[in-house]
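K.L.:
Below you'll find the structure I mean.
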Amino acid sequence: MQGIPEEAYEYMVNGKSAIAWVMERQRVKTDKKSQIVNDANRFAIETMQDPAYPLRLLAKVITVSLETVKIVDTLREIEFS
C-alpha cells in the first residue's frame, strides 16, 4: 500500500502506530510450541469470505487513525476554565 499520510502513524496503540499494530497481526506466523499457523489470508477467505479483508481492515485503520488525530488536535485547541 502506498501513499499513507504520515499523520496516520501518529495514532498509537500499545506503544505502536495503529497501522503497524494491525500489520504485525496480519502477517503469517507459526506458534513455536503448537506449530499452529496463523494466516490472516486464510482467515479472510475461510471466515470472512472476503480475500480482500486484510486490505480493507488496513484501510479502515488508516481512516480511524487520521480521524482520531484530527479530533485529538482539535481537543488540544480547546481551553477549559
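K.L.:
Would you pick out the residues in the stretch 54-81 that are of a type in the set (Ser, Thr, Tyr) and surrounded by 15 or more Cβ atoms within 10 Å (Cβ to Cβ)?
P.N.:
Ser65, Thr68, listed by residue number.
K.L.:
Name the pairs: first residue in the stretch 65-81 and among the aliphatic types (A, V, I, L, M), second residue assigned to a helix (DSSP H, G or I), Cβ to Cβ under 8 Å, at least 6 apart or on different chains?
P.N.:
Close Cβ pairs satisfying both conditions: Leu66/Glu7; Leu66/Ala8; Val69/Glu7; Val69/Ala8; Val69/Glu10.
K.L.:
Shifting gears a bit: Please determine whether any residue of the stretch 6-17 is polar (S, T, N, Q), assigned to a helix (DSSP H, G or I) and under 12 Å from the mean Cα position of the chain (by Cα).
P.N.:
no
K.L.:
Select from the stretch 18-54 the residues that are in a loop (DSSP other than H, G, I, E, B) and touching a residue at least 12 places away in the same chain (Cβ under 8 Å) and write down the one among them that is nearest to Ser65 (Cα to Cα).
P.N.:
Checked the stretch 18-54; the qualifying residue nearest to Ser65 (Cα to Cα) is Arg27.
K.L.:
Could you check Gly3 against (1) on the phi > 0 side of the Ramachandran plot; (2) touching a residue at least 60 places away in the same chain (Cβ under 8 Å); (3) of a type outside the set (S, T, N, Q) and say which number it fails?
P.N.:
(2)
K.L.:
I'd like the full set of residues that are among the polar types (S, T, N, Q) and over 22 Å from Lys16 (Cα atoms), limited to the stretch 35-73.
P.N.:
Listed by number, the residues that qualify are Gln35, Asn41, Thr47, Gln49.
K.L.:
Any residue in the stretch 34-53 that is of a type in the set (Phe, Trp, Tyr), surrounded by 15 or more Cβ atoms within 10 Å (Cβ to Cβ) and under 10 Å from the mean Cα position of the chain (by Cα)?
P.N.:
No, there is no match, as no residue in the stretch 34-53 is of a type in the set (Phe, Trp, Tyr), surrounded by 15 or more Cβ atoms within 10 Å (Cβ to Cβ) and under 10 Å from the mean Cα position of the chain (by Cα).
FYI, it's all coordinate maths here, none of it is from the lab. What you see is a predicted model; the values in this text were computed from it and never measured. Here the Cβ is made from the backbone with ideal geometry for all residues, glycine too, and neighbour counts use every protein chain on show.
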